[in-house]
Amino acid sequence: MASPAPAPLKDAVGGLDRDGFVALLSKLIGESARLQNDPPIHRPQEDLVAQHVVDALRPVSTETGGGPLVVRKVSYAEGRSNVIVEYPGTVPGRVVSFVGMHMDVVPANPSDWDFDPFSLTFDGEDKDKLRGRGTTDCLGHVALVAQLMRRLGEVKPPLKHSVIAVFIANEENSSVTGIGVDGLVKDGLLDKLKTGPLFWIDTADKQPCIGTGGMIPWHLKATGKLFHSGLAHKAINSMEMNMEALKEIQKRFYTDFPPHEKEKVYKFATPSTMKPTKWSYPGGGLNQIPGECTISGDIRLTPFYSSCDVVEKLKGYVEDINERLETVLDTRGPVSKYVLPDENLRGRLEISFDGDVMNGVACNLESRGFKALCKATEEIVGHVEPYSITGSLPLIRELQDEGFDVQTAGYGLLKTYHAKNEYCLFSDMAQGFQVFVSIIAQLEEEA
């Protein structure tokens, strides 16, 4: 007698188990005080989360013989693990992966919150709202994908595709490199993921995020001449010079990097922007014209421009302005000036950039991964509205450049990202679980 046909994947796997999800997420949020990533003040210990994930999956792993999951911890720094989990398929080269669920969080100041950020709590009788640092970004996704892999290990559906999950360290800070997904890629540990779609699970609002921005942190320093404010004709006012210089630099930036025609296709909310966000100077009295000051800010760049090109352009702007201070920059009042010929003294501008310059990403809108994500989203969420933002996701452009078909999605809430009083909704996470199962089922049908 022939064996009965296996149940459809969606029926076999079912939905997200609330008790298991909440129990695991509670453990993860309970570690979040030690997961804050802001060195040198906060150095996260992602191994705390990694061990909870490994413990949750061990009963259905090859380690215990209780299931097919192959679970591996990979560490490049003490206490800072990554975890790779594989549900093996039957056909070599066929793979779908869920990557980017990071095990570090941004800092939280408990005195600013209405509840304890470092423990999982509910909002009164509302059991849908799960509160705590990392619920949206990104410990909620860690628990979600861990539950997906555990369920596959329990049900053991026959799949042609291998399903691989990669939980990563060190996403929230780029001052330390080589210990998260960048280290895994360098060592070739993710090479097999190139043969199928890779879903980066670290965005929000249940819709495909098809574009992100590059980010260039910059610092514009102006050096003039400090002097008594009652003798302004003897000074070079660094504040006035810096403000006028920034105005000129911004004007040139928006001329050279205008809104791009592809931004409409990708539904970017804004074009590329350059703006100041911080101001600093050494200090002094109100009766002193400052001799130096620094304006800092960032550029958010749509992925249709190169961050390297922008950096070179800005250096050129500053060089040109320095050479032509008298003619390029406006002054402010009858004695305002940036050159003192009698003293053979000229004001000077310097621009510098932080090391974490990054390019944006435009996802491939023709790939199998994108089409599967859209179909699954429409089926489960009820509508599909891909979007793009000039917020930046580190690391994924490097994956795309390495040949991965990167698509991005997430099931937290954008309005609570990096915010105080962070929370997610269990109902959103449950829909994310169903989206993942639908994606796997679609790819299986194509195979």
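The values are calculated or read from the model by the stated rules, or taken from the named source; none is laboratory data. Since we're looking at a predicted model, the values are computed, not measured. Note that each Cβ is placed from the backbone with ideal geometry, even for glycine, and that neighbours are counted across all protein chains shown. Just so you know, the surface numbers come from the protein's heavy atoms only, side chains and all, with ligands and any DNA or RNA stripped out. Shrake-Rupley method; radii C 1.70, N 1.55, O 1.52, S 1.80 Å.
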All positions within segment 86-96 that are out of contact with any His (no Cβ under 8 Å at 6 or more places or on another chain) and either aliphatic (A, V, I, L, M) or surrounded by 20 or more Cβ atoms within 10 Å (Cβ to Cβ) (or both) | GLU86, TYR87
Could you please tell me which pairs satisfy a Cβ distance under 6 Å, a separation of 6+ or placement on different chains, a first residue in segment 120-131 that is farther than 15 Å from ALA143 by Cα and in contact (Cβ under 8 Å) with a residue 60 or more places away in the chain, and a second residue that is assigned to a strand (DSSP E or B) and basic (Lys, Arg)?
-> ASP123/LYS129
Filter segment 162-178 down to residues that are open to solvent by 10 Å² or more (accessible area, probe 1.4 Å) and closer than 27 Å to PHE436 by Cβ, then give me how many there are.
-> 4
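Among the residues of segment 248-265, is there at least one that is touching a Gly at 6+ places or on another chain (Cβ under 7 Å) and either among the aromatic types (Phe, Trp, Tyr) or farther than 30 Å from MET101 by Cα (or both)?
Checked segment 248-265: no residue is touching a Gly at 6+ places or on another chain (Cβ under 7 Å) and either among the aromatic types (Phe, Trp, Tyr) or farther than 30 Å from MET101 by Cα (or both).
Residues are listed down the side, and each one gets a yes or a no for (1) touching a residue at least 40 places away in the same chain (Cβ under 8 Å); (2) over 17 Å from ASN173 (Cα atoms); (3) out of contact with any Cys (no Cβ under 6 Å at 6 or more places or on another chain); (4) open to solvent by 50 Å² or more (accessible area, probe 1.4 Å):
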position: ALA23; (1), (2), (3), (4): no, yes, yes, yes
position: SER32; (1), (2), (3), (4): yes, no, yes, no
position: GLN36; (1), (2), (3), (4): yes, no, yes, no
position: PRO40; (1), (2), (3), (4): no, no, yes, yes
position: ARG43; (1), (2), (3), (4): no, no, yes, yes
position: GLU63; (1), (2), (3), (4): no, yes, yes, yes
When you scan segment 59-100, how many residues do you find that are under 17 Å from PRO157 (Cβ atoms) and basic (Lys, Arg)?
-> 1
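Restricting attention to segment 29-38, does a residue exist that is assigned to a loop (DSSP other than H, G, I, E, B), under 30 Å from VAL437 (Cβ atoms) and at pLDDT 95 or above?
There is at least one residue in segment 29-38 that is assigned to a loop (DSSP other than H, G, I, E, B), under 30 Å from VAL437 (Cβ atoms) and at pLDDT 95 or above.
Residue-by-condition table, conditions (1) surrounded by fewer than 20 Cβ atoms within 10 Å (Cβ to Cβ); (2) modelled with pLDDT under 95:
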{"residue": "ILE295", "(1), (2)": "no, no"}
{"residue": "LYS315", "(1), (2)": "yes, no"}
{"residue": "ASP320", "(1), (2)": "yes, no"}
{"residue": "GLU326", "(1), (2)": "yes, yes"}
{"residue": "ASP354", "(1), (2)": "yes, yes"}
{"residue": "LEU373", "(1), (2)": "no, no"}
{"residue": "HIS383", "(1), (2)": "yes, no"}
{"residue": "GLY410", "(1), (2)": "no, no"}
If you take the residues in segment 232-260 that are charged (D, E, K, R) and either closer than 11 Å to THR302 by Cβ or in contact with a Ser or Thr (Cβ under 9 Å, 6 or more places away or on another chain) (or both), which one is most open to solvent (accessible area, probe 1.4 Å)?
-> GLU240
Options GLY196, GLY134; residue that is open to solvent by less than 20 Å² (accessible area, probe 1.4 Å) and under 23 Å from GLU379 (Cβ atoms) | GLY196
Inside segment 281-293, the number of residues satisfying the requirement of being open to solvent by less than 60 Å² (accessible area, probe 1.4 Å), in a loop (DSSP other than H, G, I, E, B) and in contact (Cβ under 8 Å) with a residue 12 or more places away in the chain is 3
Enumerate the pairs (first residue in segment 390-406 and touching a residue at least 12 places away in the same chain (Cβ under 8 Å) and closer than 22 Å to ILE216 by Cα; second residue anywhere and open to solvent by 40 Å² or more (accessible area, probe 1.4 Å) and of a type in the set (Phe, Trp, Tyr)) with beta-carbon separation below 9 Å, excluding pairs fewer than 6 apart on the same chain, so at least 6 apart or on different chains.
-> GLY391/TYR417
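Being modelled with pLDDT of 95 or more, open to solvent by 40 Å² or more (accessible area, probe 1.4 Å), at negative phi and not basic (Lys, Arg): is that true of VAL83 here?
Judged against the criteria, VAL83 is not a match.
Can you find, within segment 107-131, the residue that is nearest to the chain's Cα centre (by Cα) among those that are within 25 Å of THR408 (Cβ to Cβ) and open to solvent by less than 20 Å² (accessible area, probe 1.4 Å)?
Within segment 107-131, the match that is nearest to the chain's Cα centre (by Cα) is ALA108.
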Residue, farthest from MET241 (Cα to Cα), within segment 294-305, restricted to residues that are part of a loop (DSSP other than H, G, I, E, B) and touching a residue at least 60 places away in the same chain (Cβ under 8 Å) | PRO303
If you go through segment 328-352 one residue at a time, how many are in contact (Cβ under 8 Å) with a residue 40 or more places away in the chain, open to solvent by 100 Å² or more (accessible area, probe 1.4 Å) and part of a helix (DSSP H, G or I)?
-> 0
Filter result (more than 20 Å from THR294 (Cα to Cα), touching a Gly at 6+ places or on another chain (Cβ under 6 Å) and not β-branched (Val, Ile, Thr)) within segment 205-244 | GLY213, GLY214
Looking only at residues in segment 364-421 that are among the aliphatic types (A, V, I, L, M) and assigned to a strand (DSSP E or B), which one is farthest from VAL181 (Cα to Cα)?
-> ALA409
Segment 251-267 residues that are under 21 Å from ALA362 (Cβ atoms) and in contact (Cβ under 8 Å) with a residue 12 or more places away in the chain, paired with ones that are part of a loop (DSSP other than H, G, I, E, B) and polar (S, T, N, Q) (beta carbon under 7 Å, 6 or more apart) | PHE257/SER272; HIS260/THR302; GLU263/THR302
